[in-house]
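Data first, discussion second: the structure below is written as structure tokens.
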């Protein structure tokens, strides 16, 4: 599996306000890209652009050469956790994932059980989503994003509401996703944790990319 994400001069204006400004970058398989910036800098909006949830005012997003919003509506293989995860309150975690999995019918009950265990949830837990703690809801959101082993994994604040054990699980999950060849894109308000999790950091300020660097070497790619 090899996946390439390209943003070419991507601009997004909402109500005459420029949210994203001439974003140009490439993201490739087998790496974790960390989006770094203050609240409102454009991190989540960039993630939405890659997902196809918003379309550009100008410019484009390409997934393996196909243009989002023109050639395809959404990336063909993507798992996403954006902001607060939302599921059906009256169903268990397993049942919620089973409903989502039935859309593409790629995985069976055994795989759902495995991913629930991986994120630290009990597949046999009979509690409904309504009774989940914030941390459990976050874990279920991560499980939904990765369960079908998508080519692209996007996690917005993946360690939000998690304890240290949960944060360690996220680190291991990202390592596994990277090793199997996924493009992983994350945002985290904790700069130290973001650098720990990421192979490359993309700094965003007021909708612009201000810099990009490899975490291991700290050498600047572009400014």
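The values are calculated or read from the model by the stated rules, or taken from the named source; none is laboratory data. Owing to the predicted nature of the structure, the values given are computational and were not obtained by experimental measurement. Here the Cβ positions follow ideal geometry from the backbone for every residue, glycine too, while neighbour counts run over all protein chains shown.
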Residues of the range 181-223 classified as modelled with pLDDT of 95 or more, assigned to a loop (DSSP other than H, G, I, E, B) and farther than 17 Å from residue 24 by Cα, total: 4
Condition first: surrounded by 21 or more Cβ atoms within 10 Å (Cβ to Cβ) and either assigned to a helix (DSSP H, G or I) or in contact with a strand residue (DSSP E or B) (Cβ under 7 Å, 6 or more places away or on another chain) (or both). Now tell me which residues in the range 160-180 satisfy that. 170, 173, 174, 177
Determine the pairs where a residue that is farther than 9 Å from residue 37 by Cβ, located within the range 195-212, has a partner that is at pLDDT 95 or above and assigned to a helix (DSSP H, G or I) with Cβ atoms under 6 Å apart, the partner being 6 or more residues away or on another chain. 197/174
Do you know which residues across the range 66-97 are more than 20 Å from the chain's Cα centre (by Cα) and assigned to a loop (DSSP other than H, G, I, E, B)? 70, 71, 88, 89, 90, 91
Given the conditions (1) over 15 Å from residue 151 (Cα atoms); (2) not in a strand (DSSP E or B), which single one is not true for residue 35? (2)
Do we have any residue at all in the range 63-73 that's touching a residue at least 24 places away in the same chain (Cβ under 8 Å) and touching a helix residue (DSSP H, G or I) at 6+ places or on another chain (Cβ under 7 Å)? no
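With respect to residue 106, is the statement that it is out of contact with any strand residue (DSSP E or B) (no Cβ under 9 Å at 6 or more places or on another chain) and surrounded by fewer than 18 Cβ atoms within 10 Å (Cβ to Cβ) true?
Here the answer is yes, as residue 106 does meet what is asked.
Going residue by residue through the range 45-53, is there one that turns out to be part of a loop (DSSP other than H, G, I, E, B) and buried (at least 21 other Cβ atoms within 10 Å of the Cβ)? So that I can check it myself, show each step before the final result.
Taking the range 45-53 as the starting set, the residues that turn out to be part of a loop (DSSP other than H, G, I, E, B) are 52-53.
Those left that are additionally buried (at least 21 other Cβ atoms within 10 Å of the Cβ): none.
No; the residues of the range 45-53 include none that is part of a loop (DSSP other than H, G, I, E, B) and buried (at least 21 other Cβ atoms within 10 Å of the Cβ).
For the range 129-140, indicate whether the set of residues that are within 14 Å of residue 173 (Cα to Cα), touching a strand residue (DSSP E or B) at 6+ places or on another chain (Cβ under 7 Å), buried (at least 20 other Cβ atoms within 10 Å of the Cβ) and modelled with pLDDT of 95 or more is non-empty. Steps first, please.
Just the residues of the range 129-140 that are within 14 Å of residue 173 (Cα to Cα), to begin with: 138-140.
Checking the rest, the ones that are also touching a strand residue (DSSP E or B) at 6+ places or on another chain (Cβ under 7 Å) come to none.
Checked against the condition, which is being within 14 Å of residue 173 (Cα to Cα), touching a strand residue (DSSP E or B) at 6+ places or on another chain (Cβ under 7 Å), buried (at least 20 other Cβ atoms within 10 Å of the Cβ) and modelled with pLDDT of 95 or more, the range 129-140 yields no hits at all.
Residue 123: within 19 Å of the chain's Cα centre (by Cα) and either in a loop (DSSP other than H, G, I, E, B) or modelled with pLDDT of 95 or more (or both), yes or no? First the steps, then the outcome.
Working: within 19 Å of the chain's Cα centre (by Cα): no; either in a loop (DSSP other than H, G, I, E, B) or modelled with pLDDT of 95 or more (or both): yes.
No.
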